[in-house]
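Here's the structure we're looking at; comments come further down.
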Amino acid sequence: MAKYTGPACRLCRREGTKLMLKGARCSSDKCAMERRASAPGQHGAAKKKTSGYAIQLREKQKAKRIYGLCEKQFRGYFDKAENMRGITGDNMLILLERRLDNVVYRMGIGVSRDQARQLVNHSTITVNGKTVNIPSYLVKKGDVIAVKETKVDKTFFKALKEEKKVIMPAWLDFDNATLTGKVLELPVRSEIDQKIEEHLIVELYSK
């Protein structure tokens, strides 16, 4: 499936919840969910019967859109999680959280996952001192994530140094002054604040 390039706010309205795709705008009065929470389209506000399959599908679509993945990528994480020890749904979310673009977003370097992905793609981020431009790179415990030294003087990063430290998961740490962070531990399900009912996704893919 091709990548969606339309309005991001339309996706939030379709899923009926804030996906936090546009950074600070999602927390402001300009958020589309605050002004018009119904699903997009001519019949978006109409009440419809929802089947069990539709509920499972919507949950899968919501998770895909939160992390900005296409179907093939997302299914790949499910397949990998299914072959790991433990609970498949938990494993899948943990793998998604370990993506480098998500970690950059969680540390507050990027205001959204899209921006974080762009920073990684543009070779702005280093892992353990080496440039990594692959957004899907899976971080490990002890990895040091930093802004590349040749990029720290850019206006965007100068402003980041002066910003208040964001609230981030307990498994991550980031120092705004040095633009350097560290993966303290691998995440566990209880530390993932996304409102995703992963068991519905597992049920959908297991059919």
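The values are calculated or read from the model by the stated rules, or taken from the named source; none is laboratory data. Quick caveat, the model's predicted, so the values are computed rather than measured. Ideal geometry is used to build each Cβ from the backbone, glycine not excepted, and the neighbour counts take in all protein chains shown. For accessibility, only protein heavy atoms count, side chains too; no ligands or nucleic acids. Shrake-Rupley method; radii C 1.70, N 1.55, O 1.52, S 1.80 Å.
General remarks:
- For the set 66, 87, 134, 167, solvent exposure ranked by accessible area (probe 1.4 Å, protein chains only) runs largest to smallest as 167, 87, 134, 66.
- Full extension of the chain between residue 164 and residue 79 yields a length gain of 26.7 nm, computed as 0.36 nm times the residue separation minus the alpha carbon distance.
- If you plug the beta carbon distance of residue 193 and residue 123 into 1/(1 + (r/R0)^6) with R0 = 30 Å, you get a FRET efficiency near 0.55.
- Using the average count of surrounding beta-carbon atoms within 10 Å as a protection proxy, the listed peptides 102-114, 175-187 rank, highest first, as 102-114, 175-187.
- Amide hydrogen neighbours beyond the local backbone of residue 181, cut-off 5 Å, H modeled: 145, 146, 175
- Cα-based Rg / Dmax (Å) for the range 56-95: 9.8, 27
- Based on the Stokes-Einstein relation at 37 °C and a viscosity of 0.692 mPa s, and on the Kirkwood radius from alpha carbon pairs, the range 139-198 is assigned a translational diffusion coefficient of 251 µm²/s.
- Whole-number accessible area per residue in Å² for the range 112-170, which is evaluated in the context of all protein chains at 1.4 Å: 62
- Nearest-0.05 FRET efficiency for residue 71 and residue 150, computed from C-beta distance (R0 45 Å): 0.80
- Under the Debye formula (equal points on every Cα, no solvent term), log10 I(q)/I(0) of the range 110-170 at q = 0.14, 0.16, 0.25, 0.30 Å⁻¹: -0.42, -0.55, -1.31, -1.41
- Between residue 175 and residue 57, the modelled label-to-label distance comes to 5.1 nm, taking each label 7 Å out from Cα in the direction of the beta carbon.
- For the range 56-178, the ratio of Cα radius of gyration to the globular rule of thumb 2.2 N^0.38 Å stands at 1.11.
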